Protein chains: 2
Amino acid sequence: MTWSPDGMPLYALVMAGGAGTRFWPLSRRSRPKQMLPFAQGRSLLAATVERLAPLVSPERTLVATSAEVANAVRAELPQLPGRNVLAEPAGRDTAACVGWAAWRVARSKPEAVMIVLPADHLIPDGPALRSALASAAATAAARGGLVTLALRPARAETGFGYLELGEVVGAAAGRPVHVVKRFVEKPSRERAEEFVAAGNYSWNSGMFAWTVEAIQGAIREHLPELAVGLDELMTAADSLGEEEALRRQYASLPKVSVDFGVMEKAKTVWAVGVDFTWSDVGSWAGLAGALPLQDAGVTMGDVVALDSEGSVLVSDGPLVAVVGVRDLVVVATRDAVLVVPKDQAQRVKELVEKLREAGRDDLL
Amino acid sequence: MTWSPDGMPLYALVMAGGAGTRFWPLSRRSRPKQMLPFAQGRSLLAATVERLAPLVSPERTLVATSAEVANAVRAELPQLPGRNVLAEPAGRDTAACVGWAAWRVARSKPEAVMIVLPADHLIPDGPALRSALASAAATAAARGGLVTLALRPARAETGFGYLELGEVVGAAAGRPVHVVKRFVEKPSRERAEEFVAAGNYSWNSGMFAWTVEAIQGAIREHLPELAVGLDELMTAADSLGEEEALRRQYASLPKVSVDFGVMEKAKTVWAVGVDFTWSDVGSWAGLAGALPLQDAGVTMGDVVALDSEGSVLVSDGPLVAVVGVRDLVVVATRDAVLVVPKDQAQRVKELVEKLREAGRDDLL
């Protein structure tokens, strides 16, 4: 089948619920990772929505985020109708917000196709992403099932989950459509290398496409308690308004990820094989490619470096001045400064935990 | 002779003129090194004046500093009469301010004995310092010449000048009084080791004692142009007031150090041999002993460190949070952050120069 997004009610859900302590002190409760200006000075979230726009209009783009940052998200995305920002009063993982979006869209467009993607990834090639998402949406529309984007592994990464791909059952705009045989948790180094060598494994990108009908059906089948909760939520919203209904009921929805609660349990999941440059921007050390490259490494903001290299130097206010540093992360904000060797950048979490224990909530 | 400070008109001049870029970003034009809180939370300057107080009263303690920071110095030393802070409208090195102080004291107390010492050194043992200064003052009063404190070298330091000591000509409160044979500039490592091994070399502490009569005579003899300038300055001060006289004439006084312009040229200089713990706090790396010692190294202000050691971690506002750093200097203020390996701490000067060239005067 040939498929054009122009003729179809295509919606997108951008999942922007992450707290993200890995980018402390730049990221805070009030300014999670997806709000950080890592996309050529714009936030990852704004860049994600703008990348989508030629495929999915702002009127059909929903963003799910925590109530705490919902207004900041609305300010970041002035092109979106305010009610398209779904404000979660409590974190209930991804199945709940995917369900909420699907139930909401189903009311006005039960025949809609939905794309779901994270707000905090970096994908420089917008046309490649849109073409891949269009293929996945076409596959979802044609086959009526759940579709995931299977990213060709660029390396034996141990930080991501993998998909084991089965037989090719068709093609979408030249891309192979596979049956997914198995979802694999983050592997060991050895297994990751085996996966890459084997050729029939891909990275689990966290990007999906499905018809609203298919995801509603899958939630009713595999997470019936969530389905009932969402039915009740919509009914309550009719009488109380959505905000009050959410305030009363959202926190009691089951807390489970869409991967674990739906995708891994579904009888059939299709995978569209895609291949583009993609980064989940997982830590300060992983910012190469996201920030401008200087002699000293990657830098952002007001930075002066002498005889330094391989470093990540970020200022959000104070001048960051370094001499003779190697492979170091330095991040300075008005109220906190982080210094950590690049190969220990993931230990920022320990620092944040220590600050939390010490009651330094003003800095988190 | 036995000598008691109680019976003598003993004055002190504390030289607080240094700009001190080595402690950037904590030190600024408006807050030079001697104003930094490196003496158990108090400034080096305040600690210096307080250490002196049992020997020289605040009424007889003069502080020479730049006009730019004179009011800050007065605020730091509320116990001093305001006019005891000599505000230099231009930096003319130490001979000019020593001369100004001597000329001024000579008017009211021509028979006075003067102690001269820097404002930015760290000397934990106050009684030992006062006893040594009393010995030097007694020697100056008894012999009528120029006296310097000869510090027993604690190590083969290449960052200080040395004194070659000649014969012992007497004693003061049990301390040997030597003739100074020679002033030696900062030596190489090899020569410094020879000096320490030889036993008749000492560190040039930059602390002096002399009668006002002796220093005036030495300036008239070796820096006659300065003597004439100081005579004219005092005359002008009588008619115009001291501030206006300084404004008109101070900048034209010869610019030379008291070491080079007077001490090295004088026919006879006495050295009183002293031995106490002393630090010129020359750089961030040299702060051990001045700041509280923690597992991570020396720290000041709001610092959280995980698995770090041998470092100098200083906060003047923002939290400084480090993980896994070794032998690193991190200094954070509200508008600038410095990161440099401890063994390159002296390169802060290069950074400051670069900022000056870039017109970043707001940060200097």
Problem set entry | Diffusion coefficient, µm² s⁻¹, Stokes-Einstein with Kirkwood Rh over alpha-carbon pairs of region A:1-138 at 37 °C and 0.692 mPa s | 216
For this session: With the Cα gyration tensor of region B:234-364 in hand, give its eigenvalues times 5 under a square root as the equivalent ellipsoid semi-axes, listed largest first in whole angstrom.
Result: 40, 24, 15
Exercise. Which whole number gives the average, over all residues in A:316-329, of C-beta atoms from other chains lying within 10 Å of the residue C-beta?
Worked result: 6
Seminar exercise, completed: Using the Kirkwood radius over Cα pairs of region B:42-108, the Stokes-Einstein translational diffusion coefficient at 25 °C and 0.890 mPa s, in µm²/s and rounded to a whole number, is 198
Seminar exercise, completed: Projecting the Cα atoms of B:A336, B:S27, B:P89 onto the charge dipole of chain B, where Lys and Arg contribute +1 and Asp and Glu -1 at Cβ, the residue farthest towards the positive end is B:P89
For this session: Once the label point is placed 7 Å from Cα along Cβ, list for B:G159 the distances to the corresponding points in the other copies, in nm, shortest first.
Result: 4.0
Seminar exercise, completed: Projected onto their principal axes, the Cα atoms of region B:140-236 stretch, largest extent first, over whole-Å spans of 51, 31, 17
Exercise. Once the Cα gyration tensor of region B:121-192 is diagonalised, what are the square roots of 5 times its eigenvalues, in whole Å and ordered largest first, as equivalent ellipsoid semi-axes?
Worked result: 23, 17, 10
Exercise. Taking region B:77-118 as the region of interest, what is the percent of Cα-Cα pairs per 5 angstrom bin, listed from the shortest bin to the one with the maximum distance?
Worked result: 5, 18, 28, 28, 17, 4
For this session: About the Cα centre of region A:27-122, how large is the charge dipole given +1 on each Lys and Arg Cβ and -1 on each Asp and Glu Cβ? Please answer in debye to the nearest 20.
Result: 140
Seminar exercise, completed: Using alpha-carbon positions, the gyration tensor of region A:187-297 gives root eigenvalues a ≥ b ≥ c; with a/c under 1.5 called rounded, otherwise prolate if a/b exceeds b/c, else oblate, the class is oblate
For this session: Report, in debye and to the nearest 20, how large the dipole of the protein assembly as shown comes out about its Cα centre when Lys and Arg carry +1 and Asp and Glu carry -1 on their Cβ.
Result: 100
Exercise. To the nearest µm²/s, what D does Stokes-Einstein give for region B:251-298 at 37 °C and 0.692 mPa s, using the Kirkwood radius over alpha carbon pairs as Rh?
Worked result: 220
Problem set entry | At 7 Å out from Cα toward Cβ: A:A251 inter-copy label distances (nm, ascending) | 6.9
Exercise. Using a simple spin-label model with points 7 Å from Cα along the Cα→Cβ vector, what separation in nm is obtained for A:R29 and B:E309?
Worked result: 3.6
Problem set entry | Label distances, nm, A:D238 versus same residue in remaining copies, Cβ-directed 7 Å point | 10.4
Problem set entry | Equivalent ellipsoid semi-axes, chain B, via Cα gyration tensor eigenvalues times 5, rooted, Å | 34, 26, 19
Seminar exercise, completed: Low-density loop trypsin sites (Lys or Arg not before Pro), region A:284-355, at most 15 other Cβ within 10 Å, DSSP non-H/G/I/E/B, are A:R334
Seminar exercise, completed: Extend 7 Å from the Cα of B:Q294 along its Cα-to-C-beta direction; within region B:37-51, residues with backbone N under 18 Å of that point are B:37-42
Exercise. In debye, nearest 20: dipole of chain A around its Cα centre with unit charges on the Cβ of K, R (+) and D, E (-)?
Worked result: 260
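So which chymotrypsin sites (Phe, Trp or Tyr not before Pro) in region A:218-294 are both in a DSSP loop and have at most 13 other Cβ atoms within 10 Å of their Cβ?
Passing both the DSSP loop test and the Cβ count: no residue.
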Exercise. Scaled to the compact-protein estimate 2.2 N^0.38 Å, what is the alpha-carbon radius of gyration of the protein assembly as shown, rounded to two decimal places?
Worked result: 1.35
Exercise. Could you give P(r) for region A:58-177, binned at 5 Å from zero, as whole percent values over all Cα-Cα pairs?
Worked result: 2, 8, 16, 20, 19, 17, 11, 5, 1, 0
For this session: Please identify the longest segment of chain B free of exposed GluC sites (Glu not before Pro), where exposed means a DSSP state other than H, G, I, E or B and no more than 13 other Cβ atoms within 10 Å.
Result: B:186-364
Exercise. If amide H atoms are built 1.01 Å from N in the plane of the peptide, which residues on other chains or at least 5 residues away come under 5 Å of the amide H of A:V63?
Worked result: A:V14, A:V85, A:L86
Problem set entry | Gain in span if fully extended, A:S239 to A:R191, counting 0.36 nm per residue against the direct Cα distance | 12.0 nm
For this session: Please report the Cα spread of region A:5-52 along all three principal axes, rounded to whole Å, starting with the longest.
Result: 45, 22, 14
For this session: Enter the mean projected area of the convex hull around the alpha-carbon atoms of region B:270-338, in nm², rounded to one decimal.
Result: 5.9
Seminar exercise, completed: Phi angles of region A:260-276, converted by Karplus (6.51 cos²θ - 1.76 cosθ + 1.60, θ = phi - 60°) into ³J(HN,Hα) in whole Hz with x for Gly and Pro, give 6, x, 10, 4, 6, 9, 5, 5, 10, 10, 9, 10, 9, x, 10, 8, 8
Seminar exercise, completed: Counting only residues 5 or more apart in sequence or on a different chain, those whose built amide H sits under 5 Å from that of B:S311 are B:G297, B:V298, B:D327, B:L328
Exercise. So for region A:33-137, taking the charge dipole from beta-carbon charges (+1 Lys/Arg, -1 Asp/Glu), which of A:L122, A:A102, A:A134 sits furthest toward the positive end?
Worked result: A:A102
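Computed from the coordinates by the stated procedures, all read-outs in this text should not be read as laboratory data. All values derive from a computational prediction rather than experimental measurement. Here the Cβ is made from the backbone with ideal geometry for all residues, glycine too, and neighbour counts use every protein chain on show.
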